[in-house]
1. Based on the alpha-carbon gyration tensor of chain A and its eigenvalue square roots a ≥ b ≥ c, which shape applies: rounded if a/c is under 1.5, prolate if not and a/b is larger than b/c, or oblate?
2. How many Cβ atoms of partner chains, on average, are near each residue of B:172-179 if near means within 10 Å of its Cβ?
3. Taking only the Cα atoms of the protein assembly as shown, how large is their convex hull per residue, in Å³?
4. Taking beta carbons within 10 Å but only from partner chains, what does the mean come to for residues A:116-125?
5. List the chymotrypsin sites (Phe, Trp or Tyr not before Pro) within the stretch B:168-209 that fall in a DSSP loop (any state other than H, G, I, E or B) and whose Cβ has at most 15 other Cβ atoms within 10 Å.
6. Name the longest site-free stretch of chain A, where the excluded sites are trypsin sites (Lys or Arg not before Pro) in a DSSP loop with no more than 16 other beta-carbon atoms within 10 Å.
7. Using the per-residue mean of other Cβ atoms lying within 10 Å as a proxy for protection, in what order, highest first, do the peptides B:473-483, B:73-83 fall?
8. Mind scanning B:166/B:386; B:106/B:386; B:386/B:425 and naming the pairs with a C-alpha gap bigger than 26 Å?
Amino acid sequence: MSTDIPYRPGERFLTWFLLALSLFFLYESFRIPNLTSYSSAGAFPIFVSSVLALSAVRILWRNRRSFSSCRLGLKEELAQTRNLALPNVVVIYLLILAAYIAVAGPLGFFISTYVFLAGSVLFLKGASPVRALLLAAAILGGVYVLFQYIFKVILW
Amino acid sequence: MESALGYFLMSWTSPQLILLTAAGTLAGIYVGAIPGLSVTMAVSILISFTFSWDVNPGLALMYGIYMGGVYGGSRSAILLNIPGAPAAVASGFDGYPLAKLGEAGKAIGLATTASVIGGFMGIIALALAAPVIAEFSLKFAPRDYLLLAVMGIMLVGSLSGESLAKGIFAGGLGVLISMIGMDSFTGQGRFTFGSLALMSGIHYVAVMIGIFGVSEALVQLRNIGIKQVKQDVAKILPSWGLLWKNAALIVKSALIGIGIGALPGAGGDIAALLSYGHARRSVRKPSRPFGEGAYEGLVAPETANNAAIGGAIIPMLTLGIPGDAVTAVVIGALFIHGLKPGPMLMIETPHLFWFTVGCLTLSNIFLLIFGLTGVRIFAKLVEVPKGLLLPIVIVISIVGTYAINNSVSDVYWMLGFGILGYILKIYGYQAGPVILGVILGPLMEEGYRRAMQDVRNSLPGFFWQLVANPLTLVLTLALVFMVLGQTRFWANLRGRIRRKGC
């Protein structure tokens, strides 16, 4: 096990968040009704969420030195966290993806998927505009034949 | 004996059965390789249009898909780092680094050969040792399944991440996700927050596609400008020297695969992970460090997961208990055809047993043929610009997720888990333990609760059972040593012993 992992901006925020999440699930586990025996519905969730919380505490303890050695101000660390975890290309693509899923139902499979494919290829510079439009059509055709006719999947 | 041989050769002498076995194997390879399509899903869909067929053609197609699909998962694991099936999770640990080094062809060739050898060994075990192994697996109590599942998660948690705590957290998170929805024992809702939609839980395929498919695509986006490594697929067949060097590892991995596969509920995924862990511990001089493209890290899981197929069929046919998810579906198919898998099946319908052995053998031969051909087409996948490849992966992932229940909400779950998996990956948490937790969670919980019920909900009784039974004691000790082996105490102790030895 490696012990010399350099500090990644935002790591302490994530670890604290995971600890809070574990404690939330632990609280929710205790709220599962009829907790009367060690084999009732809530017993195993309590055990698992306790393991999660203890693991998060262990991660915090193990990294306490690297976490405390971080000399960045809050604003600066947040900016570096964004650069590390959520660079522009990821954020924009996630928005495109969310928009595709949101409009897939109303627009139907063909239009939504074609626009998504062509837009994605153009945004990610996978091909020139004309090739992107042609490739999107070809990929769409391939996906349609594969799922509709070979795997008998009903597309929306 | 003659009749057994006749039943064995049944699928070898009928052109229709040969064609169906071949078609099933080829389809299985592609189903296994395409992220978002699972062998379980394909076999389930197959049942819907083969139930009007005779039992033999239906089984020939299903066994072909099963055999090809378990192997096929390794292709996307090697080329895209997206295991097409849970059984291929461990194959990506060293398979993908090999592809990044430009050795995708060699990796696929090696995976194919290892899979075929493992497959043959599994089939031989099925044919020769079925009654013995089935009898042994009968001795496993629920607590043993719990220990086995914990070992699986611990193993992958300790192997694939930068710290054991992060591995345990990731595995625990997966187990927690598997508990969302209705409790199968009492019907109570858990972590549903009053939502009816959550009562049916979150389908593990949506989690798997999100955490492996979408999150990997998001990670790849960060390196969109980096030029792809040209894959060398000119030499696919591994050298005899390489195979001979790994012969002992192949045999040991196959034995692990057969043993684990024979345990009800534990299939190729655990077998592959355990054999990967075994290889990592036992191979002193790997070709490269594990995790950086060691051939041994690919050979071990690929041998084990295909060997587990023969193993998984043992309890299915002899006890009527599925060895894994696919055999559970196959049991459903046998019921549809009026057959009742169980101890009486081999007595009343011996032809079915030998037909199964013959079909699997034929499918394994087709696996070798199809596995070593068409690799160039697959290898071209990674030479395609990421700007073109990633949207395709995303669309296939979305359509595959939608296909689970024809539901858009599964797609939203997939996206959510994709983002979660991406963030966790950036900060050194691995995806493997999360998925393993999701898959093994129900088995663990069932093992725990049944074990507790066995001792009438007595906590001391539960712990006593962990050491009172010889079989359970072995598993408990293995788990304790696994945990201790990851601590500084153990490293210091070993250091001291070595110094004293000097």
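Rule-based calculations on the coordinates, nothing more; no lab input. Worth saying up front: this structure is predicted, and the values here are computed from it rather than measured. We place every Cβ from the backbone using ideal geometry, glycine too, and count neighbours over all the protein chains shown.
1. On the way: a/c = 3.19, a/b = 1.49, b/c = 2.14.
Oblate is the answer for chain A, as a/c is 1.5 or above yet b/c matches or exceeds a/b.
2. Values: counts 12, 9, 1, 7, 11, 0, 1, 9.
Counting Cβ atoms of other protein chains within 10 Å of each residue's Cβ and averaging gives 6.
3. Working: hull volume 114.6 nm³, N = 658.
Measuring per residue, one finds 174 Å³ for the Cα hull of the protein assembly as shown.
4. Working: counts 4, 5, 1, 1, 7, 7, 2, 3, 11, 6.
Across A:116-125, the average partner-chain Cβ count within 10 Å equals 5.
5. On the way: sites: B:169, B:185, B:191, B:193, B:204; in loops: B:185, B:191, B:193.
The qualifying sites are B:185, B:193.
6. Values: sites that count: A:31, A:71, A:125, A:152.
Segment A:72-124 is the longest.
7. On the way: B:473-483: 14.5, B:73-83: 29.2.
Descending packing order for the listed peptides: B:73-83, B:473-483.
8. Details: B:166/B:386 30 Å; B:106/B:386 22 Å; B:386/B:425 19 Å.
Over 26 Å apart, Cα to Cα: B:166/B:386.
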